[in-house]
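Heads up, the thing below is written out as structure tokens.
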Amino acid sequence: MAPPAEQRLMLVVARDAFEAALGRFHAEQDAVEAFAPATEVLWWACALDERLAEMDPTYKQRRQADQDGRLLAGVRWARNRANHQLGLVTASRPAGAYGGGAYGTFPYGGGSFIAWASAASIPVGSNERGRDVYEARMQGHRVAETIDAPRRWFHGGAGSDLTLNFGPP
């Protein structure tokens, strides 16, 4: 059954805001500057996830059966830490490989990338549900590689009648 027109409109607005934030994140190269669009993507992903779960009684079960859908637990944990504890959930990491020499181990190759911060460096909240997913699948990983997972879930696994034709992932 299709959602009522008002709910459908709000899903379209949320979808478009999610997509816009995702675009702003991918356009940013600096970890500090990327924090705002990255957390905005987290926020909109959680908002869409919550609304879709309210609208479809099978949604949560289908989400948990999908690899990209399961990542939303870690996304929610990161969103909660950024929103409620003002935790910096992104960090800059050296992009080069590590090499050893007479003077120790050092990065070489230059540059850096934006990664999810270590869970241990983020303030603890009152609800730690999803931290295990964050630690296993997000922390230390390139944000650009994991932040698209919610989009892939909304595009495919969430169901085409509810994803409002997200377009190709």
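The values are calculated or read from the model by the stated rules, or taken from the named source; none is laboratory data. Note that the structure is predicted; figures quoted are calculated from it, not measured. Ideal geometry is used to build each Cβ from the backbone, glycine not excepted, and the neighbour counts take in all protein chains shown.
Does Arg8 qualify as being surrounded by 19 or more Cβ atoms within 10 Å (Cβ to Cβ), farther than 17 Å from Glu145 by Cβ and not aliphatic (A, V, I, L, M)? Give the steps one after another, and end with the answer.
Working: surrounded by 19 or more Cβ atoms within 10 Å (Cβ to Cβ): no; farther than 17 Å from Glu145 by Cβ: yes; not aliphatic (A, V, I, L, M): yes.
Here the answer is no, as Arg8 does not meet what is asked.
Taking the options Ala119, Ala91, name whichever one is at pLDDT below 90 and surrounded by 11 or more Cβ atoms within 10 Å (Cβ to Cβ). Working first, answer last.
Details: Ala119 fails: at pLDDT below 90.
Going through Ala119, Ala91 in turn, the sole match is Ala91.
Confirm whether Ala31 is closer than 18 Å to Arg81 by Cα, in contact with a strand residue (DSSP E or B) (Cβ under 6 Å, 6 or more places away or on another chain) and either of a type in the set (Gly, Ala, Ser) or surrounded by 14 or more Cβ atoms within 10 Å (Cβ to Cβ) (or both). So that I can check it myself, show each step before the final result.
Working: closer than 18 Å to Arg81 by Cα: yes; in contact with a strand residue (DSSP E or B) (Cβ under 6 Å, 6 or more places away or on another chain): yes; either of a type in the set (Gly, Ala, Ser) or surrounded by 14 or more Cβ atoms within 10 Å (Cβ to Cβ) (or both): yes.
Answer is yes for this residue.
Pairs only if they're at least six apart or on different chains, beta carbon under 7 angstrom, first in the range 1-30 and under 14 Å from Ala47 (Cα atoms), second aromatic (Phe, Trp, Tyr) and surrounded by 15 or more Cβ atoms within 10 Å (Cβ to Cβ); list them, first residue then second.
Ala14/Trp44; Arg15/Phe166; Ala17/Trp44; Phe18/Trp44; Ala21/Trp44
Being assigned to a helix (DSSP H, G or I) and of a type outside the set (A, V, I, L, M, F, W, C) is the filter here, so list the residues in the range 28-48 that pass it.
Within the range 28-48, the first condition is being assigned to a helix (DSSP H, G or I), and the residues that meet it are 31-48.
The answer is Glu33, Pro37, Thr39, Glu40.
Being within 16 Å of Ala117 (Cα to Cα) and of a type in the set (Gly, Ala, Ser) is the filter here, so list the residues in the range 18-72 that pass it.
Ala31, Ala34, Ala36, Ala38
Mind checking which pairs have a first residue in the range 110-131 that is over 20 Å from Arg142 (Cβ atoms) and a second that is surrounded by fewer than 16 Cβ atoms within 10 Å (Cβ to Cβ) and of a type in the set (A, V, I, L, M), Cβ under 8 Å, 6 or more apart or different chains?
The qualifying pairs are Pro123/Leu86.
Of (1) buried (at least 20 other Cβ atoms within 10 Å of the Cβ); (2) of a type in the set (A, V, I, L, M, F, W, C); (3) farther than 26 Å from Gly125 by Cβ, Phe18 satisfies all except one. Which?
Status for Phe18: all satisfied but (3).
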